[in-house]
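To keep things clear, I will list the structure first and then write my remarks on it.
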Amino acid sequence: MIAPSVRREWIWALRGFLWLLLAGAYLALERGGNAYLQRLVILFLINLMLVVSLNLFTGFTGVFSLGHIGFMALGAYASAILTLPVNLKAVNLPDLPAPLASIALPFFPALILGGLAAAIVALLIGIPVLRLSGHFVAVATLGFLVITRVVLINAEAFTRGTRTFAGVPPFTTMGWAALWALLNVYVAWRLKHSPLGLRLLAARDDPWGAKSVGVSIGRMRLIAFGISAFFTGIAGGLWAHFLTAFSPNAFYFSKTFEIIVMMIVGGMGSVTGSILGTLLVMVSTEALRNLEPGFAVGSLTVGPLYGLSQIGLAVLLMLLMTFRRQGLLGDRELRLEAIAERLERWLERRKTAIEAPRVRKADP
Amino acid sequence: MQALGSPEFWVQQLINALGLGSQYALMAVGLAMVFGVMRLINFAHGTVMMASAYIGLLLLQQGVPFPFVALGAIAGAAALGVLMERIAYRPVRGAPDVVLLLNSFAVAVLLENVAILLFSPRSRPFPMPAILTQVFHPGGNLFLPSIHLWALGGALLALGGLGLFVTRTRLGLAMRAAAENPTAAQLLGIEIGKVTVLAFAIGSAMAGLAVLFWTAHVGTINPGMGFEPVLKAFVACVIGGFGTIPGAVLGGYLLGALEIALQGLLPSGVVGYRDALVYGILILILLVRPGGVLGYLEAERV
């Protein structure tokens with residue numbers, strides 16, 4: 001038996017090591033200036049926010065939302081309209097109503113307003129829709145996604161319709177993305193271990209049982225839906241100010257599918273799982289995407305393989321659903337405590353293994 | 001174009017609604033049959049339609065006469081439906097609903113991207129024979145596209161045949177029994193597995209038939225073409241009542257009528273929002289009458 005105080009030191013050491021590693025990696029990237037890698041890291045952080053937020057609702061409640069990319073779109077367009085410089089507005093969005101046409105907000109308030117727009121819409125549709133269950137929420141939220149798309153395409157005064165919305169200032173730096181992703185992960189983690197989170201998980205695992213001890217399932221779900229939509233909207237805003245030009249096509253089914261696969265791979269209901277899932281799926285799709293223009297194996301050349309990364313995602317999802325439904329972590333978390341304990345035990349064993357032969361040598 | 005509200009206008013609207021509704025009914029029936037036997041909202045239904053269209057195009061390019069192209073496309077759809085059940089759905093039978101739903105997403109994305117890989121993402125023209133594309137002028141300002149007649153006739157034949165099958169034959173009754181109560185049906189010796197395969201085969205064949213009309217309407221095919229029809233088929237099923245064949249047929253025709261009505265009556269500035277209204281109505285129906293117009297199924301509430 002190891003004294004608890006010893007273990008706590010281990011945990012602090014691990015925690016410190018982890019933060020140093022992250023900070024070191026961040027600084028190295030910042031200074032190193034590898035544009036491709038920086039780009040990937042920013043996309044990773046934004047995807048991470050989308051996945052953690054989706055998990056915060058779908059994983060914690062067991063209710064599938066297929067409409068989250070609609071919230072991302074709301075956050076993206078809302079914040080982009082707010083930050084677009086006034087002279088560009090006159091050119092690109094000539095029919096924009098008066099108060100919007102003459103203002104250009106700084107990044108932070110625009111992001112927050114985008115997130116709030118998404119959250120308000122989520123509450124408005126959540127109040128009726130979340131009373132349904134299972135399939136029906138999935139279909140209703142899919143309906144919301146389609147409605148969002150139709151509105152984006154038709155509200156040309158605000159969105160330029162199907163044409164590219166361009167000229168968004170490139171405000172999203174790695175620092176912004178990292179800060180928001182950290183905050184999002186922190187909120188999701190705290191939420192999961194809060195009374196609200198425990199009630200959500202209880203209601204997910206046994207709705208009738210949870211109801212019988214007084215959990216108001218509908219209200220809990222609505223709160224989770226709102227928080228989830230807020231961060232999804234923020235992620236949309238970050239994404240808009242990273243790419244600086246986009247069109248409604250970006251916010252549709254393939255993006256929805258991508259973040260669902262990321263969430264499933266990590267484990268529904270697991271915050272640390274979302275990090276692993278996002279990382280794993282992004283690395284593998286990025287690898288497949290690099291093969292898409294075609295490649296050569298020895299003398300054999302393989303022509304363009306467009307769609308390969310999506311095929312990979314689809315096959316991955318089917319294999320997971322068949323053989324490991326809970327994903328990597330299920331709804332458990334990777335905890336420093338558990339890792340520290342393992343590490344300690346392992347070191348303990350090594351110590352005895354090293355000392356044991358010495359003892360034997362001294363024996364005769 | 002006829003004057004708004006004139007008798008001719010209404011006749012024209014009726015023709016259009018019946019033509020479109022027949023397509024939706026054929027698409028929705030397959031979704032409903034599969035939902036009935038395995039509680040799966042088969043999202044990949046639309047990609048089966050897409051694949052079936054490409055099979056048709058390949059046959060056409062080989063110089064096969066059109067009637068055989070149509071048969072080949074329908075048979076191909078049925079075969080693909082059966083294959084899909086075997087590979088993607090049978091291994092996860094009995095799993096939570098969401099697992100099946102996600103697998104159907106995976107199948108849809110897989111098929112769509114295989115099509116992109118094989119045929120490129122571009123739209124291709126699908127040359128239809130003149131008997132499917134000509135437009136009659138029966139008098140006045142009326143337009144009667146022959147495709148509407150074909151769709152209506154095809155739907156009546158196929159759906160009528162299906163109706164006879166599920167009410168008059170042992171296998172058809174077994175399928176309805178399995179949809180009503182799988183456990184009891186199994187206790188009475190009905191082979192659920194066989195019935196499920198049959199539901200996929202018939203449902204996909206109906207989709208294969210529907211896509212011929214859809215393609216004749218649109219004129220081109222592309223790998224992403226299955227997305228819109230499958231959503232429309234969902235809406236039709238929800239309107240009529242999910243999981244029943246009569247519900248799907250009724251829902252299909254109601255959806256056709258609704259779309260044509262919105263198209264004809266909405267002011268031109270708002271007409272682009274038609275689909276948003278259609279899905280808004282979908283959400284509304286889910287809320288106030290989750291069992292659809294025919295009201296078989298009660299949605300669980302929490």
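Every number in this text was worked out from the coordinates using simple rules, so none of it is lab data. Small disclaimer: the values here were computed from a predicted structure and weren't measured. Every residue, glycine among them, receives a Cβ derived from its backbone with ideal geometry; neighbour counts consider all protein chains shown.
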Based on alpha-carbon centroids, what's the gap between the range B:172-189 and the range A:184-212 in Å, whole number please? 38
3J(HN,Hα) from dihedral phi, the range B:141-154, Karplus parametrisation 6.51/-1.76/1.60, rounded to Hz, x for glycine, proline: 9, 6, 10, 10, x, 5, 4, 5, 5, 4, 4, 5, x, x
What is the set of long-range amide H partners of A:GLY330 at a cut-off below 5 Å, with H atoms built 1.01 Å from backbone N? A:MET268
Given R₀ = 51 Å, what would the calculated FRET efficiency be for A:ARG190 paired with B:GLN186, taking r from the Cβ atoms and rounding to 0.05? 0.60
For Cα pairs less than 8 Å apart in space and 6+ apart in sequence, what is the mean separation divided by the residue count of the range B:114-226, i.e. the relative contact order in percent? 39
Over the Cα atoms of the range A:36-250, Rg to Rh with Kirkwood Rh, two decimal places? 1.01
Name the residues whose placed amide hydrogens come within less than 5 Å of the amide hydrogen of B:ILE221, ignoring near sequence neighbours (fewer than 5 apart) on the same chain. B:ARG124, B:PHE126
Report, by chain and number, residues whose modeled amide H sits under 5 Å from the one on A:PHE165, excluding near sequence neighbours (fewer than 5 apart, same chain). A:PHE246, A:SER247
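On alpha-carbon atoms, Rg over Rh for the range A:223-262 using Kirkwood Rh?
Taking Rg over the Kirkwood Rh, I get 1.00.
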Below 8 Å, C-alpha to C-alpha, sequence gap of six or more: please give me the relative contact order for chain A in percent. 26
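Exposed loop GluC sites (Glu not before Pro) only (DSSP loop, at most 16 other Cβ atoms within 10 Å): please give the longest stretch of chain B free of them, not including the sites. Walk me through the intermediate numbers first.
Numbers: sites that count: B:GLU191, B:GLU298, B:GLU300.
Between exposed loop sites, the widest span is B:1-190.
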Using just the alpha carbons, could you tell me how many Å³ per residue the convex hull of chain B encloses? 144
Proxy reagent accessibility, fewest Cβ within 10 Å first, across A:MET318, B:MET175: A:MET318, B:MET175
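Can you pull the semi-axes for the protein assembly as shown, root of five times each eigenvalue of the Cα gyration tensor, sorted largest first, whole Å?
Result for the protein assembly as shown: semi-axes of 46, 32, 26 Å.
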Using the alpha-carbon centroid of each, what span in Å lies between the range A:269-334 and the range B:93-148? 28
What are the ³J(HN,Hα) values, in whole Hz, obtained from phi via the Karplus relation 6.51 cos²θ - 1.76 cosθ + 1.60 with θ = phi - 60°, for each residue of the range A:40-57 in sequence order, with x given for Gly and Pro? 4, 5, 5, 4, 4, 5, 5, 4, 4, 4, 4, 6, 4, 5, 4, 5, 4, 8
So if we plug the beta-carbon distance of B:ARG90 and B:THR169 into 1/(1 + (r/R0)^6) with R0 = 25 Å, what FRET efficiency do we get, rounded to 0.05? 0.55
Kindly provide the helix-only [θ] at 222 nm of chain A, computed as the sum of -39,500 (n - 2.57) over DSSP H runs of four or more divided by all residues, to the nearest 500 deg cm²/dmol? -24000 deg cm²/dmol
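Return the FRET efficiency for the residue pair B:ILE131, B:LEU58: r is the Cβ-Cβ distance, R0 is 25 Å, and the value is rounded to the nearest 0.05.
Efficiency for this residue pair is about 0.70.
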If you average the alpha carbon positions of the range A:110-179 and of the range B:208-244, how far apart do those two centres end up, in angstrom? 26
In whole percents, the bins of 5 Å from zero upward hold the Cα-Cα pairs of the range A:1-145 as 2, 8, 11, 13, 12, 13, 13, 11, 9, 5, 2, 1, 1, 0, 0
Over 32 Å [Cα-Cα, chain A], rounded percent: 41
Under the Karplus curve 6.51 cos²θ - 1.76 cosθ + 1.60, θ = phi - 60°, whole-Hz ³J(HN,Hα) for the range A:104-121, x wherever Gly or Pro sits: 9, 7, x, 4, 4, x, 5, 4, 4, 5, x, x, 5, 4, 4, 5, 5, 4
Sort A:TRP239, A:TRP189 by Cβ crowding within 10 Å, fewest neighbours at the top. A:TRP189, A:TRP239
At 37 °C and 0.692 mPa s, grab the translational diffusion coefficient of the range B:157-302 from Stokes-Einstein with a Kirkwood Rh over Cα pairs, rounded to a whole number in µm² per second. 191
